[in-house]
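**Student:** I'd like to ask you about the structure that follows.
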Amino acid sequence: MKAIGKIYTDFPEKFGIPRQSGLVKQLEGRIILDPPYNVKEAFDGIEEYSYLWILWQFSECIKSDFSPTVRPPKLGGEKRKGVFATRSPFRPNNIGLSCVKLENVTHTKEYGTVLTVSGIDMKNGTPIYDIKPYIAYADCKPDAKSSFADIHKNDKLTVKINDELKVQIPNNKLSALIGILECDPRPAYQNDESRIYGISFANMNIKFKVSNRILTVTDIEK
């Protein structure tokens, strides 16, 4: 299997990226495919769908050896689950699957057809393997159970950013940043209230700490 293009996002590093697609709806990315896949004809009719499935490569998590079990971060990094019972990036074929919203389709001279999508959970430059339309009547399963993921689906932090720091954040990135921080980027096994964490997002280094389920942004470096 070979990559057919890449997605370009505001995440230069893994840390801080939402653990699932759709958790932060304001996060956008641009999918640019390589020739000959970027021709207009290959996307004919794609505007008739509101959501897409993206198959991509966990390019930062490639390992030569196979482990049948992994430690999901949401379980505190202590309990093991079978790799096929999780969405761990450490998989035999390192393939990721994301459901994203199609925001815009642009046909350009330089890049060919470019897709703008939202709800992304991918690092900048992530290789793309394939794009398929989301079909609601077949893909939506309201009665599905989701193991430990159901228990933690509403785990969100309260985010506090003072006005002095808030003015340093571009207006079109503020709501996305708050959404990222609400999802608690920290590994579940790290709960040191004195520790200062940092995530790189949209050409900013956001410093923060967490205490009593309240995340406070302490500094922003550019």
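**Student:** Say whether the condition of being aliphatic (A, V, I, L, M), more than 22 Å from residue 122 (Cβ to Cβ) and modelled with pLDDT of 95 or more is met by at least one residue in segment 34-51.
**Tutor:** The answer is yes, given that some residue of segment 34-51 is aliphatic (A, V, I, L, M), more than 22 Å from residue 122 (Cβ to Cβ) and modelled with pLDDT of 95 or more.
**Student:** Could we say that residue 18 is out of contact with any strand residue (DSSP E or B) (no Cβ under 9 Å at 6 or more places or on another chain), part of a loop (DSSP other than H, G, I, E, B) and crowded, with 18+ Cβ neighbours inside 10 Å here?
**Tutor:** yes
**Student:** Which numbered condition in (1) assigned by TED's automatic domain parsing to the domain that holds residue 11; (2) surrounded by 14 or more Cβ atoms within 10 Å (Cβ to Cβ); (3) of a type outside the set (A, V, I, L, M) is the only one that residue 125 fails?
**Tutor:** (2)
**Student:** Related question: Before we move on, is residue 19 among the basic types (Lys, Arg) and over 27 Å from residue 209 (Cβ atoms)?
**Tutor:** no
**Student:** I would also like to ask the following. Restricting to segment 32-70, what's the tally of residues that are touching a Phe, Trp or Tyr at 6+ places or on another chain (Cβ under 9 Å) and surrounded by 13 or more Cβ atoms within 10 Å (Cβ to Cβ)?
**Tutor:** Total meeting the criteria: 15.
**Student:** Here's a follow-up. Can you find, within segment 88-145, the residue that is nearest to residue 2 (Cα to Cα) among those that are acidic (Asp, Glu) and outside any loop (DSSP other than H, G, I, E, B)?
**Tutor:** That would be 130.
**Student:** State yes or no: is residue 202 surrounded by 14 or more Cβ atoms within 10 Å (Cβ to Cβ) and closer than 16 Å to residue 20 by Cα?
**Tutor:** Answer is no for this residue.
The values are calculated or read from the model by the stated rules, or taken from the named source; none is laboratory data. Quantities reported herein were computed from a predicted structural model and do not represent experimental measurements. Methodologically, a virtual Cβ is constructed for each residue, glycine included, from the backbone with ideal geometry; neighbour enumeration extends over all protein chains shown.
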